[in-house]
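What follows is a set of notes on a single structure, which appears directly below.
Every read-out reported here was derived from the displayed coordinates using simple, explicitly stated rules and does not represent laboratory data. Please read these numbers as outputs of a predicted model, since none were measured by experiment. Ideal geometry is used to build each Cβ from the backbone, glycine not excepted, and the neighbour counts take in all protein chains shown.
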Amino acid sequence: MAVVLYRVDERLIHGQVVIGWGHQLRPDRYIVVDDELSASEWEQDLYRLGVGDVEVLFVTADEAREQLGAWRAAAARSILLTRDTATMKHLAEGGLLDGEAVNLGGLRHGPGRAEVLTYLHLNEDDVRDLQAMAEAGVRVTARDLPDAHKVSLETLSRSLWK
Amino acid sequence: MSDGAVVRGVVIGHGDMPRGLVDAVRHIAGKAADDLVPVSNEGKGPAQLAAELNEAAGLGTVLVFTDLRAGSCGIAAAYACRDLERRAVICGVNLPMLLDFVFHRDLPLPELVDRLVETGREAIVAAPIAGS
């Protein structure tokens, strides 16, 4: 497969992704799946500043579902990013991400969110999305950087409800 | 400045870097650093970071210094200054630039920006390597 990382991170393209993960995974392109950003060239230009010569695609969630098969089959190595769990869950619906791993890399404070890890705060909707992904065959773990400890969804859930 | 006001500064960056830079300016320049406000991205999502930056920037003329051009801090700065003539952003902040800033805050914003970019660039030099 050529999607080398699926990541949920509200900051999308930023230092941890480009430096931390990018230097290890050597992506040929970043795919940002976000309905709002895909309609805003000004914001797209901002995010492109961070990746040098690497290609960046901005697509809606529905477009991403259509292209996912091609991206996975392509020779180009992609890092796919969403800013929230709902968008990643939408991608996973119907088993589209069956067998894939999704990395939770950064969700901070927000309405109803509780701290699970320093970089990960979840609310009930987030947890439902993650459980739905797991039921659709996705391996969900949290890890902000490649050399950090990987935390399973089961451990995250226990932390949240203890 | 056209209205006689001086420019305030906000330093936004990763981890403890903003506070460290402002602290360094204070150690060197004293109270001249009082109108330089540090904002760290540590533990903050985009919305919270943008809100904190806007609060630090206030209503007057402001120059926002960021560490990286891209990433969460650069993007927050770009949003905060978008379409506002009284705000500007300089990316790649360094200490010499900030020291020059605190003593020239009465310059018009565009002139100040040009000056500080030049100051910051000129400050980056390689010391001779021993034996070479």
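Summary table
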read-out	value
Separation between Cα centres of region A:1-78 and region B:88-130, rounded to whole Å	33
Point-to-point label distance, residue A:60-residue B:95, nm (Cα→Cβ direction, 7 Å offset)	5.2
Kirkwood Rh in Å, taken over region A:67-130 so that all alpha-carbon pairs contribute	13.1
Average beta carbon contacts from partner chains per residue of B:66-72, 10 Å cutoff	6
Alpha-carbon gyration tensor eigenvalues x 5, square-rooted, for chain A, Å	24, 17, 16
Most to least packed among B:89-97, A:78-86 [average Cβ atoms within 10 Å]	A:78-86, B:89-97
Prolate/oblate/rounded call for region A:24-94, Cα gyration tensor, a/c under 1.5 rounded	oblate
Taking chain A and dividing mean pair separation by its residue count, relative contact order in percent (alpha carbons under 8 Å, at least six apart)	28
Helix axis angle, A:124-135 relative to chain A longest principal axis, alpha carbon, degrees	70
Under the Karplus curve 6.51 cos²θ - 1.76 cosθ + 1.60, θ = phi - 60°, whole-Hz ³J(HN,Hα) for region B:95-103, x wherever Gly or Pro sits	5, x, 4, 5, 5, 5, 4, 5, 9
Descending principal axes extents, the protein assembly as shown, alpha-carbon based, whole Å	62, 49, 42
Candidates per trypsin sites (Lys or Arg not before Pro) in region B:44-132, loop by DSSP, up to 13 other Cβ within 10 Å	B:82
Listed residues A:61, A:92, A:74, most fluctuating in chain A (Gaussian network, C-alpha, under 10 Å)	A:74
Average beta-carbon neighbours from other chains, 10 Å sphere, peptide B:39-49	4
Cα long-axis angle, helix A:61-73 against chain A (0 to 90 degrees, to the nearest 10)	70
Peptide-level mean, for A:37-44, of C-beta atoms on other protein chains within 10 Å	1
Order of B:27, B:104, A:121 - criterion: other Cβ atoms within 10 Å of each residue's Cβ, fewest first	B:27, B:104, A:121
Cβ crowding within 10 Å averaged over residues, with A:128-134, A:152-158 ranked highest first	A:128-134, A:152-158
Structure-based [θ]222 nm, the protein assembly as shown - -39500 (n - 2.57) summed over DSSP H runs of at least 4, per residue, nearest 500	-11000 deg cm²/dmol
Fraction of the pair-distance distribution of chain B above 24 Å, Cα-Cα pairs, percent	25
